[in-house]
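Comments concern the structure below.
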Amino acid sequence: MTILEFHVVTIFPEMFESPFAHSIIRRGQDSGALRIDIHNLRDFTHDKHRMTDDTPYGGGPGMVMKVEPLVEAIETVRGNGPVLLMSPQGERFNQKMAQELAGEERLTIVCGRYEGFDERVRPFVDREISIGDYILTGGEIAAMAVIDSVSRLVPGVLGDSESLTEETFSDSLIEYPHYTRPDSFRGMEVPEVLLSGNHEEIRKWRRREAIKRTLERRSDLLDGLELSGEDEEMLKEIRGGK
């Protein structure tokens with residue numbers, strides 16, 4: 001059985017208690033497919049006040065996370081897997097990266113706070129990751145997003161593995177529309193093809209809708225994407241070329 005271990009270094013370990021105690025992530029832990037250990041950065045300090053931050057050299061507002069406890073925590077926790085530093089300066093997290101990380105056996109995630117890290121911590125990490133171009137109060141929420149996204153790709157965590165292959169971004173396309181009962185709601189009808197029982201026509205409809213929705217909402221995802229001949233014909237038709 002595939003097992004993925006997450007080791008999170010944070011000064012607020014209590015933030016992780018509720019998010020990972022429910023739903024799919026909880027089931028993944030109960031089944032043994034996932035292990036999530038939270039490490040308090042203050043446990044790696046050696047002063048009576050357990051300080052993890054200090055004022056920046058050169059002056060300026062805010063506090064900077066100290067290098068000594070961070071490096072001690074990384075060296076103690078990391079094991080045989082990569083260390084990920086949650087940072088707004090990092091590479092943009094996406095589904096492709098989630099798939100890469102899901103292939104690891106162990107991931108150490110370091111959460112930042114305040115004005116950032118002492119620069120000297122960077123040689124001790126393998127990868128810096130950002131979940132978007134905006135500022136959060138700390139790396140904890142970003143770490144939760146990464147763990148959630150990666151965990152769903154670990155075999156045994158989701159009940160239906162086929163759902164992984166059809167989700168938004170799984171093949172760089174936005175997912176097709178979904179419908180369930182009732183057939184009609186306030187004048188809005190379920191597309192007839194989905195009620196037809198014709199699996200091939202349903203497949204084609206879903207693929208066309210995924211391409212159409214991607215073109216309308218995230219056309220940038222189509223740039224450089226390798227499309228099949230059938231996909232190209234659908235795209236041409238959607239664009240009005242046929």
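Pairs are defined by a Cβ separation below 9 Å, a sequence spacing of at least 6 or placement on different chains, a first member in segment 1-15 that is in contact (Cβ under 8 Å) with a residue 40 or more places away in the chain, and a second member that is part of a loop (DSSP other than H, G, I, E, B) and hydroxyl-bearing (Ser, Thr, Tyr); the pairs so defined are Ile11/Thr52.
On inspection, Glu167 fails the criterion of being modelled with pLDDT of 95 or more and among the acidic types (Asp, Glu).
Here Val77 fulfils each of the conditions (1) modelled with pLDDT of 95 or more; (2) surrounded by fewer than 17 Cβ atoms within 10 Å (Cβ to Cβ); (3) not charged (D, E, K, R) apart from (2). Among the conditions (1) of a type in the set (Asp, Glu); (2) crowded, with 16+ Cβ neighbours inside 10 Å; (3) farther than 17 Å from Ala73 by Cβ, Glu128 misses just one, which is (3). Entry remark, segment 107-125: residues being of a type outside the set (Ser, Thr, Tyr), surrounded by fewer than 18 Cβ atoms within 10 Å (Cβ to Cβ) and touching a residue at least 60 places away in the same chain (Cβ under 8 Å) number 0 in total. Within segment 27-59, take every residue that is of a type in the set (Asp, Glu) and within 23 Å of the chain's Cα centre (by Cα) and give me the one that is surrounded by the fewest Cβ atoms within 10 Å (Cβ to Cβ). Top of the filtered list is Asp30.
The values are calculated or read from the model by the stated rules, or taken from the named source; none is laboratory data. Not measured: the values here are computed from a predicted model. Because the Cβ atoms are built from the backbone with ideal geometry, glycine has one as well, and the counts that use them run over all protein chains shown.
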